[in-house]
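The structure follows.
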Amino acid sequence: MTQFWNDQAFSISHADDSPFVGQGLRAFFEYRDLGIQDGTKGKFGAHVIRAVPGMESPGSWHSHDLEFQMVYVTKGWVVFDYEGQGEQLLRAGSCVLQPPGIKHREVRHSDDMELIEIISPAKFDTQDESVP
């Protein structure tokens, strides 16, 4: 039985025990779940996301129905286009807070791109959007 403290359970994730899988939101990325969803009863989620070498983004505009989304790039680079902000080059060490509902698209990325994403809630809807 999982023990919870203040609605959270202790959680630890090791890279060698949690493989990357290609069953995430975008086919050109692979996702490694960090176990935060289960430890917070779905209130938060966290993933390491990496590029699938040789695959490109179709550059589709979309938005997410969530309360919080933070992205921190750990390796390589990625270009996002944000409603009202234009294209932003994020590189290793860059961090972006994507406000709820902001229209955005991933434009391009390096084959070695890797980032950490923290979201709330862990499960959310994504809507296709027209160009802002």
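For THR40, indicate whether it is of a type in the set (Ser, Thr, Tyr) and surrounded by 14 or more Cβ atoms within 10 Å (Cβ to Cβ). Lay out the reasoning, then the answer.
Working: of a type in the set (Ser, Thr, Tyr): yes; surrounded by 14 or more Cβ atoms within 10 Å (Cβ to Cβ): yes.
Yes: the conditions hold for THR40.
Please state which of the following conditions GLU106 fails to meet, knowing it meets all the rest: (1) in contact with a His (Cβ under 6 Å, 6 or more places away or on another chain); (2) surrounded by 18 or more Cβ atoms within 10 Å (Cβ to Cβ); (3) modelled with pLDDT under 95; (4) more than 19 Å from VAL21 (Cα to Cα).
With respect to (1) in contact with a His (Cβ under 6 Å, 6 or more places away or on another chain); (2) surrounded by 18 or more Cβ atoms within 10 Å (Cβ to Cβ); (3) modelled with pLDDT under 95; (4) more than 19 Å from VAL21 (Cα to Cα), GLU106 is out only on (1).
Looking at the range 1-18 only, could you name the residues that are farther than 16 Å from GLY45 by Cα and β-branched (Val, Ile, Thr)?
The answer is THR2, and nothing else.
In the range 12-33, how many residues are in contact (Cβ under 8 Å) with a residue 24 or more places away in the chain, in contact with a Ser or Thr (Cβ under 9 Å, 6 or more places away or on another chain) and either among the β-branched types (Val, Ile, Thr) or within 15 Å of ILE118 (Cα to Cα) (or both)?
1
With the requirement that a residue be touching an Asp or Glu at 6+ places or on another chain (Cβ under 9 Å) and over 14 Å from ASP65 (Cα atoms), what does the range 93-130 give you?
Passing the criteria: ARG105, GLU106, VAL107, ARG108, HIS109.
Additional query: Looking at the range 46-99, which of its residues are among the small types (Gly, Ala, Ser) and in contact with a Gly (Cβ under 9 Å, 6 or more places away or on another chain)? Don't jump to the end; show me each part of the working.
To start, the set of residues in the range 46-99 that are among the small types (Gly, Ala, Ser) comprises 46, 51, 54, 57, 59-60, 63, 76, 84, 86, 92-94.
Across the range 46-99, the qualifying residues are ALA46, ALA51, SER63, ALA92.
The values are calculated or read from the model by the stated rules, or taken from the named source; none is laboratory data. Owing to the predicted nature of the structure, the values given are computational and were not obtained by experimental measurement. Cβ: placed from backbone, ideal geometry, glycine included. Neighbour counts: every protein chain shown.
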